[in-house]
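Data block below; observations after.
The values are calculated or read from the model by the stated rules, or taken from the named source; none is laboratory data. On a predicted model such as this, the values are computed, not experimentally measured, just so you know. Positions of Cβ are backbone-derived with ideal geometry, glycine not excepted, and every protein chain shown enters the neighbour counts. Please note that ligands, DNA and RNA were not included when accessible areas were found on the heavy atoms of the full protein model with its side chains. Shrake-Rupley method; radii C 1.70, N 1.55, O 1.52, S 1.80 Å.
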Amino acid sequence: MGHNIFRWTLINGIDGENSKMSMVAGALPARKEVAEDLKWDLSPVYKDDTAWEADFASVAIALKELSRYKGTLADKEQLLQFFRLRDKLAQQVETLYVYSHLRADEDTTNSHYQAMNDRALALYTQFGEEQSWANPELLAMDEAQLRGIVGDGSDKAGLGLYRQKIDELLRQKQHVRNPEIEELLAQYAQVAQGPRTVFTMLDNADLKLPQVLGEDGEMSQLTHGNYIVYLQSRDWKVRKSAYLGMMSAFESMRNTIAANYASQVKTNIFEARARNYKSALEAALGPDNVPVSVYHNLIESAHRYLPVLRRYLDLRKKVLAQAGELPDGKLHMWDLYVPVIKDVQYDIAYGDACKKVLASVNPLGMQYAQVLAKGLGSRWIDVVENKGKRSGAYSSGCYGTPPYMLLNWQDNLENMFTLAHEAGHSMHSWFTRDNQPYVYGDYTIFVAEVASTCNEALLTHHLLQEEIDDNLRAYLINHQLEAFRTTFFRQTLFAEFEMIAHRDAENGVALTADHLSKIFLDLNKKYYGEMVEDDDAVKIEWARIPHFYNSFYVYKYATGISAATALSRQILQEGQPACERYLGFLKKGSSDYSINILRDAGVDLAEPSSIDQALDVFEDFLQQFERALGQGGK
Ligand SMILES: [Zn+2]
């Protein structure tokens, strides 16, 4: 409790999904040459490095106090004091880390801040160790006794504040074994990392990617980095060469990767059984308190809307074929990433992008827009690129600090969407911290992408109302359609693959390369149907998905975009009441289970209709796209 991996990931909070490595050829400015108003202001965190050092020294000593409470937690007063001390120290440790990591990211070649950051991380590890005895001690207590001590939650000034945290802890109780078994499981947890480590090594070090056809007609080395660039080429020969090259590399290792993935699945099943879960799926969803039905609903909704996905693919095929980009008039797997609408010229300066993003959040009401405007004006954002700065974009910070954002600004549409996205994260953090005590002042990965994706949807809506250029409008609509195809349908297909593989293994089926490829090929046919050529090469794609070693994770991408889409639709159609529910969601932090918080906001993921509501928006966009292109609209 208090500290889980989710909070840690959130303060890391690096968003890769919207960032594109900039390819600026000219010399970048040094950090000190960047104008002050384009740099974030970290003085609210620490005045200077000296203040950081002083805090670091005092926290390092104070951490030792935690162990004084060992063996005393059955005492009401001691328990309260322990929780308060732990919260205070946790916040200090996070603040130390936030300052050092933001400073280190300003210029990654700066070894002074790199060293400070390493020390902050070590302090975090030490914090974890100093209190590692506490949860086992609480779990060893009689459940009724512990609930009695904490009370019904009404005593918010006392232990009542911690009722939700205690509830989360006690939910695990039936899955905690006796100390001897727990010790074995803890040791086994390191062994269980094996398949993930093996895959990472294979994927990043040993796998030989072939030479493929480049746009200049010459053969060039395929890499994980240029793969997507080649898939977006307007030259079908380049796309085909890259796609088949990537698949052949994984095909050549099919038996090794299958054996490794089978080990990952067996590990999940072993751990689920060791901890009294009915299935690996139930064990994976348990910590988020997400019912298995949510997972099944998601897949069933995707199936219901497959005809709409196929209509989109059919349109893609027609448009690309008319442009002479499909030599045989057929759509292949390597034709899925080439943009249907050629890149639009859209230059926008940072200041103008801020104004547009601010205008786009108007439907969320005055307070939201005012806080964001104030944040943009008080240097929450580190805007431009400089020598050595961390690439990409993210939102970061912790309780008690401003919700900072890192950008590497370029004057284009993509960057404006990145700004809207990161601002969504930061505003979620701001509302949560402004309304919750420290202990609930974070939010889970399960809901993290909802606020960011909702802001992107609002920006799209705003631009579609404002912009009259037909090509730009078509581009924006296609941007949304692609988000659904890749974030909803593709990730749900992956989620279904994981579900079937685990279920088969639980039933004693051997997960051979042939079997895994059959599952994947069948799913690919089910999702894309007649619209995409039955290219055999796709059957190996399961072998190249790193996320499969973080099992049952990708479904959160699909539920995230579904919730964000449904909420943005409600905000735009209902107005005030939906807006208030949404702000309620932003303010709740982790004070309740994620699934409950979303339900109160208007999206009940346990109900199939919630996902359907999002997919209706997908269909609406498709109709607009069909009209914009003058194709088969209904
Ligand atoms: Zn994000």
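Note on segment 59-216: dipole from Cβ charges, positive end direction compared against ALA140, VAL198, ASN110; the farthest Cα belongs to ALA140.
If R0 is 22 Å, the Cβ-Cβ spacing of SER111 and ALA35 corresponds to a FRET efficiency of close to 0.30.
Under 29 Å of direct C-alpha separation, and excluding same-chain neighbours fewer than eight residues apart, LYS317 reaches these lysines: LYS20, LYS237, LYS240, LYS330, LYS342, LYS518, LYS525, LYS526, LYS539, LYS634. With 0.36 nm allotted per residue and the present C-alpha distance subtracted, the SER154-ASN435 stretch has 99.4 nm of extension available. The slack in the chain from SER391 to LYS330, taken as 0.36 nm per residue of separation less the alpha-carbon distance, amounts to 18.2 nm. Against the main long axis of the alpha-carbon atoms of the chain, helix 306-322 sits at an angle near 40°.
Label zone of ASP206 (point 7 Å out along Cα→Cβ, amide N under 13 Å): in segment 229-251 this covers no residue at all. Between helix 445-466 and the chain there is an angle of about 50 degrees, using the helix long axis and the longest principal axis of the Cα atoms. Rounded to the nearest 20 debye, the dipole magnitude of the chain is 560 debye, with +1 charges on Lys and Arg beta carbons, -1 on Asp and Glu beta carbons, and the Cα centre as origin. So the label point goes 7 Å from the Cα of ILE228 along Cα→C-beta, right? Which residues of segment 407-450 then have their backbone N under 14 Å from it? In segment 407-450, the label zone of ILE228 (backbone N under 14 Å from the point 7 Å along Cα→Cβ) covers 414-415, 418. Charge tally for ARG275 (other residues, Cβ to Cβ under 14 Å; Lys, Arg +1; Asp, Glu -1): +2.
To put it simply, the accessible area of the chain at a 1.4 Å probe is 52 percent carbon and sulfur.
The ASP75 and GLU129 beta-carbon pair, evaluated with R₀ = 25 Å, returns a calculated FRET efficiency of approximately 0.60. Each of LYS539, LYS208, LYS387, LYS240 has its accessible area taken with a 1.4 Å probe; listed largest first, they run LYS208, LYS387, LYS240, LYS539.
On a per residue basis, the chain carries 42 Å² of accessible surface, using protein heavy atoms and a 1.4 Å probe. Extension gain for ARG503 to MET219 (0.36 nm times residue separation, less C-alpha to C-alpha distance): 98.0 nm.
Between MET366 and ASP592, what is the FRET efficiency for a Förster distance of 25 Å, r being their Cβ-Cβ separation, to the nearest 0.05? Working shown, then result.
Numbers: r = 26 Å, r/R0 = 1.05.
That gives a FRET efficiency of 0.45.
Which one of SER252, GLY225, GLN211 has its Cα pushed farthest toward the positive end of the charge dipole of segment 208-252, where Lys and Arg give +1 and Asp and Glu give -1 at the Cβ? Value computed over the given set: SER252. The tail of the calculated P(r) for the chain beyond 33 Å holds 51 percent of all Cα-Cα pairs.
Of all DSSP beta bridges confined to the chain, the antiparallel ones make up roughly 80%. Helix 555-574 axis versus longest C-alpha principal axis of the chain: approximately 80°, rounded to the nearest ten.
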